[in-house]
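Have a look at the structure below, then the notes.
The values are calculated or read from the model by the stated rules, or taken from the named source; none is laboratory data. Just so you know, these numbers come straight off a predicted model, no measurement behind them. Because the Cβ atoms are built from the backbone with ideal geometry, glycine has one as well, and the counts that use them run over all protein chains shown.
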Amino acid sequence: MRRTLPLFLGILLVCWSGATALAASQKAAALRQANGLTAFTPTEKFLAGNFVAEEINPAFIFGTVQAFVASRKCPTTWLMEEGEKARLQSHSDQPVEFTLYLEEDCPDKVVYYVFVDQSRLTPEQWLAWRHKFHKSKAEPQYGSTKSNLEQACAAGCGVGAELRFIQQDEELLTKSPEAVLLQELKFAPVYDLNRRQKLAP
């Protein structure tokens with residue numbers, strides 16, 4: 001009996017893994033392979049945090065990431081590029097940001113909501129990270145946003161992520177993610193950054 005138990009558990013594991021792999025549609029599976037994406041489990045801090053949906057000058061804070069996931073109508077899966085996962089592991093002790101894909105697998109389409117996990121960054125680190133890529137342009141572009149985010153943090157509406165792109169099948173949507181959330185998905189924001197005030201649920 002003791003000898004057969006490991007074999008039995010192994011069969012169960014293979015069956016479970018196969019069922020998990022088959023959970024994605026053929027289109028979703030093909031897109032995962034083409035983009036080098038693999039399943040990933042985000043941190044609770046990221047999922048419980050709020051997010052913005054405009055890179056340079058967001059007007060609103062939305063929340064939480066987990067609430068957005070729950071609002072989707074089709075099955076969802078968190079994915080990450082295989083190379084990004086390796087980079088994250090090599091910088092596990094640094095406040096880096098990294099990209100996550102929320103896959104929504106619908107019968108007629110596959111949508112990727114491309115998030116940047118910034119849950120390790122303070123507003124100061126958020127701006128410093130942009131200095132690394134934008135140099136002297138970072139302060140003029142992001143200075144007012146940083147100030148608004150700091151005010152939001154003081155009001156209890158801090159941000160831990162950014163929804164940077166939305167891709168349907170293999171096409172990037174031309175409309176900004178913030179506009180898609182407000183106009184098409186009807187996902188209400190929790191904070192107005194320009195007015196610096198919380199919004200009623």
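I need the full set of residues from the range 21-30 which are within 21 Å of I166 (Cβ to Cβ) and outside any loop (DSSP other than H, G, I, E, B), in order please.
We begin by selecting, within the range 21-30, every residue within 21 Å of I166 (Cβ to Cβ); these are 24-25, 27-30.
Hits for the range 21-30 are K27, A28, A29, A30.
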With respect to G63, is the statement that it is more than 17 Å from V180 (Cβ to Cβ), modelled with pLDDT under 95 and small (G, A, S) true?
no
Which of the residues spanning the range 24-62 are under 13 Å from the mean Cα position of the chain (by Cα) and among the aromatic types (F, W, Y)?
F40, F46, F51, F62
Looking only at residues in the range 107-142 that are assigned to a loop (DSSP other than H, G, I, E, B) and within 20 Å of S176 (Cβ to Cβ), which one is modelled with the lowest pLDDT?
Q118
Please go through the range 160-184 and give me each residue that is part of a helix (DSSP H, G or I) and either buried (at least 18 other Cβ atoms within 10 Å of the Cβ) or aliphatic (A, V, I, L, M) (or both), ordered by number.
P177, E178, A179, V180, L181, L182
Among (1) under 30 Å from T122 (Cα atoms); (2) among the β-branched types (V, I, T); (3) at pLDDT below 80, the one test that I11 misses
(1)
